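The values are calculated or read from the model by the stated rules, or taken from the named source; none is laboratory data. Quantities reported herein were computed from a predicted structural model and do not represent experimental measurements. No Cβ is skipped: glycine too gets one built from the backbone with ideal geometry, and neighbour counts run over all protein chains shown. Accessible surface is based on the protein model in full, side chains and every heavy atom, while ligands, DNA and RNA are left aside. Shrake-Rupley method; radii C 1.70, N 1.55, O 1.52, S 1.80 Å.
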Amino acid sequence: MTAGQTITISPGGAGDAGTVLRLLDTATAWLVAQGRSSQWGSTPASTDPRRLAQVRQWTGGKGLHLARFGEHPVGALVVGTATEHVPPATEPELYVNLLVTDRAYAGLGIGARLLAHAAGLAQAAGVGLLRVDCYAGDDRALVRWYERQGFTATDRFVVPRPGRLGWPGQVLVRRLPRPAGTTAR
């Protein structure tokens, strides 16, 4: 990082849909260039009606957080409740619905910082469980990355996709210490 520029994380909102779409589009292009189009496909999120609706939902709620390097948005985190394709939690949780970073800033630990932020949000709410799901196909590299961030793989699942192979997913969990004097909600 250069002098005077640090990574900060702050809440996002409805005005940040373009930023989230840019991050998703550049991440998708990077995945395609790496031969990993099975994860998010090869269509830019900004032209995919399903993704556009998803981004509108994410930016319309309170779960969006943006990482910035100086003034430049370099990552997005969305937290909330688990999606329907994963087994439900058996205790209160905070669920990571989206984690995406700008590959132009790889190596700065942006993804890890966003996950630490999510853990802090969960702890502040008195919740001791942080869950996420990710693509579990190909070489499972993304699963291993989450494991290096302190998560443990639990349930595997497949999201059906009409006319195509199902999307293989992995649920991962991270147990969090609760601050003294808090109880789960």
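A few comments on the model shown:
- Cross-chain or 6+ apart pairs with Cβ under 9 Å, region 97-116 first and within 18 Å of Glu147 (Cβ to Cβ), then open to solvent by 60 Å² or more (accessible area, probe 1.4 Å) and at pLDDT 95 or above: Gly111/Trp145; Ala112/Arg148; Leu115/Arg174
- Qualifying residues in region 52-65 (those that are open to solvent by 20 Å² or more (accessible area, probe 1.4 Å) and touching a strand residue (DSSP E or B) at 6+ places or on another chain (Cβ under 8 Å)) - the one nearest to His117 (Cα to Cα): Lys62
- The residue list Arg113, Arg51, Arg56 contains one member that is out of contact with any Asp or Glu (no Cβ under 7 Å at 6 or more places or on another chain), assigned to a helix (DSSP H, G or I) and under 21 Å from Leu129 (Cβ atoms), which is Arg113.
- The lone exception for Pro44 - which of (1) surrounded by fewer than 21 Cβ atoms within 10 Å (Cβ to Cβ); (2) out of contact with any helix residue (DSSP H, G or I) (no Cβ under 6 Å at 6 or more places or on another chain); (3) more than 18 Å from Asp133 (Cβ to Cβ) it fails: (2)
- The residue that is farthest from Tyr105 (Cα to Cα), among those in region 1-41 that are among the polar types (S, T, N, Q) and buried (at least 18 other Cβ atoms within 10 Å of the Cβ), is Gln39.
- For Leu108, the criteria (1) part of a strand (DSSP E or B); (2) farther than 15 Å from Trp40 by Cα; (3) aliphatic (A, V, I, L, M); (4) open to solvent by 50 Å² or more (accessible area, probe 1.4 Å) hold in every case but one, which is (1).
- Qualifying residue in region 66-88 (condition: of a type outside the set (A, V, I, L, M, F, W, C), open to solvent by less than 50 Å² (accessible area, probe 1.4 Å), under 16 Å from Asp16 (Cβ atoms) and within 13 Å of the chain's Cα centre (by Cα)): yes
- Those residues of region 94-105 which are open to solvent by 40 Å² or more (accessible area, probe 1.4 Å) and under 15 Å from the mean Cα position of the chain (by Cα), in sequence order: Asn97, Arg103
- With respect to the conditions (1) open to solvent by less than 20 Å² (accessible area, probe 1.4 Å); (2) assigned to a loop (DSSP other than H, G, I, E, B); (3) touching a Gly at 6+ places or on another chain (Cβ under 8 Å), Val127 lacks only one, and its number is (3).
- For region 145-167, a residue qualifies if it is in contact with a strand residue (DSSP E or B) (Cβ under 9 Å, 6 or more places away or on another chain) and not in a strand (DSSP E or B), and the qualifying residues are Trp145, Tyr146, Glu147, Gln149, Gly150, Phe151.
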